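Trainee: Just passing along the structure, written as structure tokens.
Read the figures in this text as sums done on the coordinates, not as results from a lab. A quick note: this is a predicted structure, and the numbers were derived from the prediction, not measured. Glycine also receives a Cβ, built like all others from the backbone with ideal geometry; neighbour counts cover every protein chain displayed.
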Amino acid sequence: MLRAPEARDRPVFIELLASPEVHAYLGGPRPSGELERELPAVPEAWPGSLVVELDGTMIGHILLRKLEHRRPAAVGRADLGYLFLPRAWGRGYAAEACAAALAWFDAALPGEPVVLFTQSANAGSMRLAAKLGFTEVERFHAWDAEQWLGLRPPVAPSP
């Protein structure tokens, strides 16, 4: 199930952001104490921020937002991001949840393309990007690693 973030999700957000496994390709984890001090009561409470819930418990977070990118292919486009707890990996939850979030996005903003950034070394993320219909636009070096930028073409609006 996808839903808006709630106060009860705060401990899971801290777990996600402090996890060395989750942040292996995202610049490294943040210290738990720092997160405890800095995260608001309801983390990531803004449009396009979706909690992934399984059996009443948060297992992941999906972000669909427009960011100011320096990469020309991404300027003005929505960016898909996601984080899942390691115990939820390899079960298809990320693919299912991201596909549902993209379907919601397509209904809300038909005709809008979506981009996805990941490190090219992140094999799991690369497989998921392909499964979701993203194709490579470019590779570039940033944050001491090769980065991959994929584009999902816009879904044509229904007549």
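Trainee: Search segment 53-71 for residues that are over 24 Å from SER19 (Cα atoms) and pair each with any residue that is among the small types (Gly, Ala, Ser) and part of a strand (DSSP E or B) when their beta-carbon atoms are under 6 Å apart and the residues are at least 6 apart or on different chains.
Mentor: Filtered contacts from segment 53-71: LYS66/ALA78.
Trainee: Report whether or not GLY48 is of a type outside the set (Val, Ile, Thr) and at positive phi.
Mentor: The answer is yes for GLY48.
Trainee: If you go through segment 138-158 one residue at a time, do you hit one that is more than 19 Å from HIS69 (Cβ to Cβ) and among the polar types (S, T, N, Q)?
Mentor: Scanning segment 138-158, I find at least one residue that is more than 19 Å from HIS69 (Cβ to Cβ) and among the polar types (S, T, N, Q), so the answer is yes.
Trainee: Something else: Is there a residue in segment 66-87 that is assigned to a strand (DSSP E or B) and either on the phi > 0 side of the Ramachandran plot or among the basic types (Lys, Arg) (or both)?
Mentor: In the first step, residues of segment 66-87 are kept if they are assigned to a strand (DSSP E or B); the result is 66, 78-84.
Retained after the next criterion (residues that are either on the phi > 0 side of the Ramachandran plot or among the basic types (Lys, Arg) (or both)): 66.
There is at least one residue in segment 66-87 that is assigned to a strand (DSSP E or B) and either on the phi > 0 side of the Ramachandran plot or among the basic types (Lys, Arg) (or both).
Trainee: Let me spell it out: the conditions are (1) within 23 Å of ARG3 (Cβ to Cβ); (2) out of contact with any helix residue (DSSP H, G or I) (no Cβ under 6 Å at 6 or more places or on another chain); (3) of a type in the set (A, V, I, L, M, F, W, C), and LEU83 meets all of them except one. Which number is the exception?
Mentor: Of everything listed in (1) within 23 Å of ARG3 (Cβ to Cβ); (2) out of contact with any helix residue (DSSP H, G or I) (no Cβ under 6 Å at 6 or more places or on another chain); (3) of a type in the set (A, V, I, L, M, F, W, C), LEU83 misses just condition (2).
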